[in-house]
Every structure is written in structure tokens, then in C-alpha cells.
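Here the structure comes first, spelled out in C-alpha cells, and everything after it is commentary.
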Amino acid sequence: MKNHNTEHAILDLKEFIAGNLDKGRISAVLFLDLQKAFDTVSHEILLKKLHHYGVRGLPHELLTSYLSNRKQFTAIEGTQSELLNIMWGVPQGSVLGPLLFILFINDLPASSNLNTWLFADDTALAKSSTCFTDLQRQMNFEIDKVQNWLLANKLSVHYVDKTQYILFIPQGKIKQKPPEFSLFMGGNLIEQTSSYKYLGVMIDEKLNWKPQIDKMCSKLSSVCGVLSKVRHYLDRNSLMLIYNSLVESRLRYGVLSWGTASNQQLNRLRVLQNKALRFITFSDIDTAMLPIYHKLKVLPLSNLITLQQASFMYSFENKLLPTTLQTYFVKPTHRYTTRYAKMNYTLQSKNSRFSESLMQVIGPRIWASIPEDLKKMPFRKTFTKQLKHDYLERLPKKMSTNKKFARSSQVSPGEINLEELFETDDPKENFQGFDVSLNTLFNSTWKEDFPGFEISLHELFKADDSNEHFQGF
């Protein structure tokens with residue numbers, strides 16, 4: 001559908017989950033997996049729904065003819081079966097197939113009071129509550145309604161392994177979960193899981209995106225291996241084509257959701273991004289990255305995340321998003337119309353650490369930092385291109401030798417200070433006497449490698465307030 005894509009569905013689901021965690025509410029998300037969804041659509045029911053939606057007269061007759069009298073046979077080693085009429089399923093391989101399926105399941109959200117996310121046959125159903133007992137009761141009651149809709153429309157579900165649910169529990173309520181919490185569908189016990197791949201992105205129960213980044217790191221490591229070999233046989237343009245297709249495309253997809261992961265997790269991706277770029281330029285492992293970014297006109301991961309967030313805000317400002325996302329932000333309400341009110345949005349209040357992962361909190365800050373002339377650009381493509389150019393221009397040409405931390409005020413929103421702090425993968429080059437590799441730093445506990453430094457790496461990165469753990473630091 002126009003202006004709709006899978007990233008919007010993932011983002012909206014993430015906002016629902018994080019928003020409820022921010023309010024201290026428990027959420028249950030059920031992921032449905034329909035059995036052979038496109039092949040089990042009833043032609044009779046589909047045609048009735050099309051008539052109900054207003055497709056009547058000649059258009060209805062045309063679609064009836066399109067679906068009717070289709071035949072199929074099986075051929076094996078020259079032996080052919082008899083022809084049989086196809087009474088089920090929408091023809092695949094054409095633009096009409098997905099469209100007809102979408103129209104067929106269009107009324108699924110109306111069958112229950114669950115929050116519903118549909119993208120073709122990928123379906124997520126969710127509910128939130130302040131207590132487990134109420135959530136379990138509501139979810140099972142509403143799931144029964146969904147099951148009745150599926151039966152009425154002659155669709156079936158993979159109940160084992162593929163249809164699962166995740167519980168998202170605020171930190172203070174984890175111990176309150178009753179051991180007997182269960183969800184059922186069609187008399188089948190639904191399996192609870194800690195993570196689920198929805199529309200290509202791994203969503204986990206802690207919403208820390210570690211499973212997603214684990215998966216990305218595995219794929220990017222493989223691409224780096226390929227680049228290390230083929231760089232000897234391809235020119236730079238071909239290598240950059242591989243980079244854009246297999247590295248940057250993966251770093252962009254779903255980044256509006258997983259891009260709010262901790263710096264510790266994002267740094268794993270940054271290291272692999274740098275590794276790929278060093279292979280392309282035949283650079284040593286300790287080569288500074290800033291000149292390479294400029295040379296290849298590639299943004300560091302932190303700026304890439306900011307760019308995608310800014311592009312989302314541009315789409316919102318120009319009403320290019322689905323209607324379900326057009327309520328994310330509101331303009332300030334002043335007695336007098338001001339230039340700020342015209343071009344910016346109200347900053348949302350923060351309740352917990354999950355606030356920082358909400359696009360509704362991040363978005364207004366990003367948008368307010370963008371120059372006014374860029375905001376007025378007529379097309380999203382030109383806006384994104386110019387903003388990328390601006391971000392590249394803001395990157396220093398080389399590492400500053402004096403006052404390494406003095407540039408914090410110049411960092412654009414979303415640009416991580418670690419980008420300057422760890423310009424190379426080995427801090428020895430930039431920090432004389434700091435005799436520990438970045439690999440050791442991020443893959444061990446402080447207690448193990450630094451006797452007397454009594455704090456784990458987990459505590460270091462998860463603390464809500466560093467002052468609480470590092471008095472005078």
C-alpha cells in the first residue's frame with residue numbers, strides 16, 4: 001500500500017511495547033503464523049467481501065472471472081495428472097494476489113479488541129494491563145474472538161512452534177508473574193518465547209535488541225569475509241556496490257526500532273562497519289576511520305541512525321506516513337503562533353529508561369536540530385541527500401590531538417561520543433598508556449581483567465545514573 005512499509009509496522013509495535021513499559025504496564029504480544037495463507041483463501045468468501053467493500057457490477061464480474069475456472073495439474077517425469085479446478089487461494093506472482101489477500105483479511109482487526117498489526121500474512125496481536133491476572137483473562141477472551149474469525153473465514157494457524165507470544169514485563173513486576181500464566185488458541189496451549197522474528201527483525205522480551213544485533217553481526221561478519229577476498233579482483237565502485245547492498249542496507253533496515261539499543265550493542269555493529277570499509281580501502285586495522293568516511297562518503301553508524309530518524313520526521317511533517325503514525329507528535333499550543341510552533345513539535349515527558357527508546361521522544365529533538373531551510377525541501381529524497389551531506393561535513397577530517405572530549409557540544413543528536421573517543425578499533429593509538437584492546441574492554445567483565453575495579457561491564461552500561469556508581473568520576 002502507498003506510504004506503508006514493514007518498518008512502519010515494526011516501529012509502531014515497538015512504540016506500543018516501549019510506551020507501556022514506560023508506564024509500568026505489562027504487555028502480551030501474540031504472533032500468528034497462518035498456514036499457507038495465500039493458498040487457503042476461499043474464492044466465495046473473498047468475492048462476498050469485495051461486494052461488501054463496494055466492488056460491484058462489471059469490476060466484480062471481472063474479478064469473478066479472474067478467480068474462476070482456473071485449473072491445475074501435476075507433472076512428474078512426463079506423467080501428467082488430470083486437470084482439477086482451483087477453488088482456493090489467490091493467484092501469486094501478480095500485483096493482484098497480495099492486494100486480494102489484504103482485502104480478505106482486512107476485517108481481522110475488527111474481530112477483537114486487541115491492538116493489531118497486519119502486513120500481508122504477518123500478524124501481531126497485543127494487549128496491555130497493570131496486572132498479570134487481568135492481562136491473561138483479557139488476552140484469552142479476545143483470542144477466542146480471533147479464533148472464531150479464522151474459522152468463519154476458513155483459515156488455519158500453525159499452533160506449534162510458529163505461533164508464539166512474548167510477555168514484556170516492567171523491571172519492578174518480574175517477580176509478580178504467576179507460574180500458571182498461559183494463553184490458549186483453539187484449545188491449544190500457545191508457546192511463550194523470549195524473542196520472535198517479526199517482519200525480519202528480532203523482537204526480544206527485554207527490548208534491548210541483543211538477538212537482533214547478534215543476527216546482524218553474524219551476517220555482517222560473513223560479508224566482511226567476502227569483501228576481504230573479492231577486493232583483490234574488483235574495483236572500488238564494485239566493492240561499494242557490495243557494501244551498499246549487503247552492509248548499509250542491513251544497517252538501515254528496522255533501524256528506527258533497534259537503533260535505540262545501548263551503545264555497547266551498537267558498537268559491535270560499528271566495529272563491523274569499520275572493518276568492511278577498511279577492507280574496501282585496503283587499510284590496516286588501526287587506520288583512523290574519519291578520513292575513510294570522508295573518502296567513501298559513508299556515514300558512521302551513529303549518524304546513519306540519526307539520518308533515518310530525521311527522514312521519518314520529514315515524512316511525518318509532510319504527511320507521507322500511514323494514518324496510524326500521524327498521531328505520534330503534536331505542535332506546541334501557544335496563544336500566539338511562533339516560528340518554533342510552526343516548525344517543531346512538543347517534547348514528551350520521560351518516565352523511565354524506555355522513554356529514550358520512543359520515537360515520540362527522540363523525534364522532536366532530532367527535528368528541532370535540523371536547519372529550517374532543510375525542513376522546507378520539497379522532496380524527501382533531496383532532504384535526505386542534503387542532510388547526509390551536512391552530517392559528513394560536520395565530521396572532523398581527522399582526530400583532534402588536543403582536548404579529545406571538547407567537541408561534545410558540537411555533536412549532532414544521535415551522534416555517539418564513542419565515535420570520536422574510539423576512532424580506531426584499538427584505543428592504544430589515541431590514548432597512550434591505555435593498555436587494553438577494545439575487544440578486551442567489551443568482551444569481559446572489569447572485575448576479571450582489572451583487579452580492584454569492582455564493577456561489572458553490565459553495571460557500567462546499564463546504570464541509569466553513572467553518578468550513582470562513580471562518585472566523583
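Structure data summary
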quantity: Equivalent ellipsoid dimensions for the range 173-238 as semi-axes, Å, which come from the Cα gyration tensor, largest first; calculated: 42, 14, 8
quantity: Additional length obtainable on full extension of the chain from His294 to Asp373, 0.36 nm per residue less Cα span; calculated: 26.0 nm
quantity: Other-chain or far-sequence residues with amide H under 5 Å of Trp209's (modelled H); calculated: Asp204
quantity: Calculated on alpha-carbon atoms, Rg and Dmax of the range 230-305 in Å; calculated: 12.6, 37
quantity: Ratio of Rg to Rh over the range 6-148 (Cα coordinates, Kirkwood Rh, two decimals); calculated: 1.10
quantity: Pairs from Lys219/Lys397; Lys297/Lys397; Lys275/Lys388; Lys14/Lys215 whose Cα-Cα separation, in the structure shown, is over 23 Å; calculated: Lys219/Lys397
quantity: Solvent exposure ordering (accessible area, 1.4 Å, most first) of Val330, Val90; calculated: Val330, Val90
quantity: Carbon plus sulfur fraction of accessible area for the range 28-104, probe 1.4 Å, in percent; calculated: 58 percent
quantity: Global size of the range 136-222 as Cα Rg and Dmax, reported in angstrom; calculated: 15.8, 47
quantity: In nm, spacing of pseudo-spin labels at Phe141 and Lys215 (7 Å Cα→C-beta vector); calculated: 3.4 nm
quantity: Burial order of peptide ranges 365-375, 270-280 (average beta-carbon count within 10 Å, highest first); calculated: 270-280, 365-375
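The values are calculated or read from the model by the stated rules, or taken from the named source; none is laboratory data. Model, not experiment: these values are computed from the prediction. So basically every Cβ, Gly included, is an ideal-geometry build from the backbone, and we count neighbours across all protein chains shown. What goes into the accessible areas is simple: the full protein's heavy atoms, side chains included, and nothing from ligands, DNA or RNA. Shrake-Rupley method; radii C 1.70, N 1.55, O 1.52, S 1.80 Å.
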